[in-house]
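Here is the structure we will look at.
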Amino acid sequence: MDQIAFLTDILLPALQKGLIITLQLILLAAPFGFVLGVGVAVGRQYGGPVTRFLCKVLVYFVKGCPLLLLLFILYFGLPSIGIVFSAFTASVFGFILCNGAYNSEYIRGAMLSVKDGQMIAAQALGMTRLQAVRTIVLPQAIRRALPGLSNEWIYLIKYSSLAYMITVIELSGAGKLVATKYFTYTETFMAVGVVYLFLVTLTTLAVNAIEKKYAVPGMIRG
Amino acid sequence: MELISILLDWFPYLLRGIGVTFGLVLSSLGLGVIIGLPMALGQVYGSRLVRVPIGIYVWFFRGLPILVLLFLFYFGIFPGLGFDLSAFVVGAVVLGLRGAAYQSQIFRGAIQSVGEGQMVAAQSLGMDRLCAVRSIILPQSMRIALPGWSNEYPNILTDSAVCYAIGVAELLTRASQIVAQTYVTMPIYLAAAGIFILMNYGGMKVLHMIERKIAIPGFGSGAM
């Protein structure tokens, strides 16, 4: 009896509020992470020496240091040099950087798999480099990078929970507050876990469908 | 000048976090092999009764954020079962259980990449299944698995920082403590980031060296 009241009156409303914040974090970070990934990959592949160096430093830094530390730098560190973000904004920025850095590696790998001859052929037809990258190389590369990118989306769902560590009350944060207040750790975190499992499983099914739809015809999929 | 003396004063405290972080990573990698390898074998050679529970385990541990797993086990499951474990032990065990889920899939792929004909051939020579797995399949598949397995190192290293949430005194926790004590933020965080990055790429260098050493001759190294 008590259990049911706890579930319907306290736990579920709290988790619902948290879930909305989690979805906001993910849906804001994913598109920009994709754009950053494409930008960094193109920069590293076709940019000048300075662009190439900066993109490389960004990728190495973000991949080398824990995301949680990156969030601390954005939220607790930057105010000391006069840049102040809200916790939510700092989280979204952190997720964009992390997602973008990993995406760029997949897209760059896929761009390398598009044969050099296509670039030369495109230029021979009078395209500029930028046009060739935009209309010839990227459409093929992004499709080939899709399995990697969808992995990163699934990671994004999971690491969005780290926003709680810089005070954003998203799904895990909402769970932690309820669990601490009512001393129901196992039940609450299992419930939180079920929501994440649901999100991850749903996304996996969705990206599998997208991958199938956008697979390059005639290419054998791994 | 004051900043430099603060940094020098606190640097040893920060450096001691390297050992803790490393302990988390190593126990997680170790548990990952000890639990993950039998799980991979079970998934490839086991009956349905073995495969389904392993599948659920992998789905559960790969689907939950590490933060939620840490909270669940540290505050919920372990105390509920009557275990009074230190934060470090819980962190290491949870990272290990989760690592096992990821690593079992790497091992599974490697085992399946060894041609089925070899199993048939071994059995036709009079070996039983266990003997064939131990002396024919595993020696090959472990070498194939190595590049994928060493890619787990940076993942676990960066994930280990989340143990901050349950108060394990690893690098990030120590950095935050120093920040709270001294009000020096950026230099401390950047120093911690530098240490993580060094551990990350340094560790990868070592692992790549090992990979080259035990790569299957003629198979190319790390090209899988």
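The values are calculated or read from the model by the stated rules, or taken from the named source; none is laboratory data. Keep in mind it's a predicted model, so treat the numbers as computed, not measured. Positions of Cβ are generated from backbone atoms using ideal geometry, with glycine treated the same way; all protein chains shown enter the neighbour counts. The area values use the complete protein model at the heavy-atom level, side chains included, leaving out ligands, DNA and RNA. Shrake-Rupley method; radii C 1.70, N 1.55, O 1.52, S 1.80 Å.
Key figures
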| quantity | calculated |
| --- | --- |
| Condition check for residue A:45: modelled with pLDDT of 95 or more and more than 24 Å from residue B:190 (Cβ to Cβ) | no |
| Any hit, segment A:160-182, residues being more than 30 Å from residue A:84 (Cα to Cα), touching a residue at least 40 places away in the same chain (Cβ under 8 Å) and in a helix (DSSP H, G or I) | yes |
| Identity of the residue in segment B:147-160, among the hydrophobic types (A, V, I, L, M, F, W, C) and open to solvent by less than 30 Å² (accessible area, probe 1.4 Å), that ends up nearest to the other protein chains (Cβ to nearest Cβ) | B:157 |
| Count of segment A:90-120 residues which are in contact with a helix residue (DSSP H, G or I) (Cβ under 9 Å, 6 or more places away or on another chain), open to solvent by less than 50 Å² (accessible area, probe 1.4 Å) and assigned to a helix (DSSP H, G or I) | 18 |
| Meets criteria (open to solvent by 40 Å² or more (accessible area, probe 1.4 Å), modelled with pLDDT of 95 or more and closer than 30 Å to residue B:176 by Cβ) for residue A:169 | yes |
| Filter result (among the hydroxyl-bearing types (Ser, Thr, Tyr), open to solvent by 50 Å² or more (accessible area, probe 1.4 Å), under 26 Å from residue B:28 (Cα atoms) and more than 14 Å from chain A (Cβ to nearest Cβ)) within segment B:100-146 | none |
| Residue pairs meeting the criteria (Cβ under 6 Å; at least 6 apart or on separate chains; first under 19 Å from residue A:152 (Cα atoms), in segment A:206-219; second open to solvent by 80 Å² or more (accessible area, probe 1.4 Å) and modelled with pLDDT of 90 or more) | A:214/A:143 |
| Filter result for residue A:80 (assigned to a helix (DSSP H, G or I) and either open to solvent by 60 Å² or more (accessible area, probe 1.4 Å) or touching a strand residue (DSSP E or B) at 6+ places or on another chain (Cβ under 6 Å) (or both)) | yes |
| Hits in segment A:134-154 (condition: more than 13 Å from the chain's Cα centre (by Cα) and open to solvent by less than 10 Å² (accessible area, probe 1.4 Å)) | A:137, A:141, A:145 |
| Qualifying residue in segment A:134-142 (condition: of a type in the set (A, V, I, L, M, F, W, C), outside any helix (DSSP H, G or I) and farther than 20 Å from residue B:159 by Cα) | no |
| Yes/no for residue A:100 being modelled with pLDDT of 95 or more and away from every other protein chain (no Cβ under 14 Å) | yes |
| Some residue of segment B:54-65 being surrounded by fewer than 21 Cβ atoms within 10 Å (Cβ to Cβ), of a type outside the set (Ser, Thr, Tyr) and more than 14 Å from every other protein chain (Cβ to nearest Cβ) | yes |
| Odd one out for residue B:126, checked against (1) closer than 22 Å to residue B:75 by Cα; (2) outside any helix (DSSP H, G or I) | (1) |
| Count - residues of segment B:185-215 that are within 25 Å of residue A:78 (Cβ to Cβ), in contact (Cβ under 8 Å) with a residue 24 or more places away in the chain and β-branched (Val, Ile, Thr) | 2 |
| Which numbered condition residue B:92 fails, given (1) touching a Leu at 6+ places or on another chain (Cβ under 7 Å); (2) open to solvent by less than 20 Å² (accessible area, probe 1.4 Å); (3) within 13 Å of another protein chain (Cβ to nearest Cβ) | (3) |
| Meets criteria (open to solvent by 50 Å² or more (accessible area, probe 1.4 Å), at pLDDT 95 or above and within 25 Å of residue A:97 (Cβ to Cβ)) for residue A:157 | no |
| Hits in segment B:28-53 - residues which are surrounded by 15 or more Cβ atoms within 10 Å (Cβ to Cβ), in a helix (DSSP H, G or I) and small (Gly, Ala, Ser) | B:28, B:32, B:36, B:40, B:42 |
